[in-house]
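These notes are about the structure you will find just below.
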Amino acid sequence: MTDKEYYIYHIPGKKIGCTADLYERVTNQQGYETGEYEILYRTPDIKAASKMERILQKEYGYRVDLKSYEELSNNKFNLNNMKINVTEQTTTFPCPVNKLKGRLMDNLEMRWQTEHGDIYLDDGLAKWIVKNAKTSMFNTERCYVYNKAMARYIESTVNTERAKAMDLPFPEINETYEHDDNVVFYFDMIRDWAEYRGIYAEGDPKTQYIKLMEEAGELGRAILKQNREEQKDAIGDMVVVLTNLAELLDMPIEECVESAWNVISKRTGKMINGTFVKD
């Protein structure tokens with residue numbers, strides 16, 4: 001036991017975490033002021049804090065950290081070894097893309113926090129970061145990844161490794177893909193399935209576009225045959241391919257749909273010969 005206190009904090013709707021320095025971890029690094037988060041538990045015992053953090057993460061429905069706070073606190077590397085910049089949307093690294101792999105490998109076991117949870121840098125995540133890093137538009141000597149995509153990769157890796165270890169097929173619909181109102185996040189399921197099958201690791205936009213054209217042809221034939229089941233299958237297949245194509249282009253399908261809706265919702269026009277013609 002020491003005089004140090006460990007706090008389990010809760011940022012409602014975001015995460016549950018553990019820290020010995022609330023101001024540095026919650027306010028300075030994540031931007032939340034007093035009153036925007038709550039303290040769920042405090043103790044001078046790091047083992048008790050580490051255990052309670054994971055219990056509360058599960059109880060509140062958040063992703064449970066793969067490594068405990070105690071394990072991560074014992075790392076020989078920390079945030080100060082590689083001065084990354086974490087914002088709500090991105091994690092930025094202090095090097096160009098062509099030097100990123102070496103910097104990451106030098107800092108394996110490093111830990112940092114994002115809006116989507118704790119990040120633990122292992123070999124698999126390092127490879128994903130190198131593959132998905134983009135050069136900063138403000139400084140070519142820096143590069144970044146999107147935090148949401150990184151969190152989605154981590155979650156899919158957990159599901160995939162669990163399934164492979166138990167020799168199971170890809171996970172079916174479960175609480176991971178359901179919202180509070182029982183709406184199933186099918187786009188998330190599609191992306192996790194694609195990650196599991198290696199489509200993002202080995203595929204590219206051109207092959208997905210060709211696949212989309214093939215599915216469009218299937219839909220055309222189903223419409224001509226007036227076969228409702230084949231029409232449904234073809235439309236569903238096209239949505240799957242579009243989801244993967246959008247992901248490979250680094251523009252999530254939800255953003256594409258939202259962008260289109262923001263345009264068409266303001267569009268005016270009229271129907272002419274069975275087609276909507278905009279003004």
In whole Å, largest first, what are the principal axis extents of the Cα atoms in the stretch 6-73?
26, 24, 18
The stretch 138-151 - phi-based ³J(HN,Hα) in whole Hz, Karplus 6.51/-1.76/1.60, Gly and Pro as x:
9, 7, 5, 8, 10, 9, 8, 10, 7, 4, 5, 5, 5, 5
Report ³J(HN,Hα) in whole Hz for each residue of the stretch 235-244, in order, from the Karplus equation J = 6.51 cos²θ - 1.76 cosθ + 1.60 where θ = phi - 60°; Gly and Pro get x.
5, x, 4, 5, 5, 4, 5, 5, 4, 6
Restricting the calculation to Cα positions, tell me the Rg (one decimal) and the Dmax (whole number) of the stretch 85-155 in Å.
11.0, 30
Residues whose built amide H sits under 5 Å from the amide H of Tyr41, excluding neighbours closer than 5 in sequence, are Ile8
Which whole-angstrom value gives the distance between the alpha carbon centres of the stretch 193-209 and the stretch 113-134?
19
Would you mind checking which residues have amide H under 5 Å from Ser136's amide H? H placed 1.01 Å from N; only 5 or more apart, or other chain.
Arg142, Cys143, Tyr144
When the C-alpha atoms of the stretch 1-151 are aligned to their principal axes, what extent does each axis show, in angstrom, from largest down?
44, 30, 26
Listed residue (Gly35, Ser50, Thr19) projecting farthest to the positive dipole end of the stretch 6-73, Cβ model
Ser50
Sort Phe276, Phe187, Phe93, Phe138 by Cβ crowding within 10 Å, fewest neighbours at the top.
Phe138, Phe276, Phe187, Phe93
Amide H contacts of Thr90 (H built 1.01 Å from N, under 5 Å, at least 5 apart or other chain)
Asn147
Go through 14-21, 83-90 and give me the packing order, highest mean Cβ count within 10 Å leading.
14-21, 83-90
Convex hull over the Cα atoms of the stretch 195-279, averaged projected area in nm²?
7.3
Within the stretch 107-124, whose backbone N sits under 18 Å from a point 7 Å along Cα→Cβ of Asn28?
111-114
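Every number in this text was worked out from the coordinates using simple rules, so none of it is lab data. Predicted model only: the values in this text are computed from it and were never measured. Note: ideal-geometry Cβ built from the backbone for every residue, glycine included; neighbour counts use all protein chains shown.
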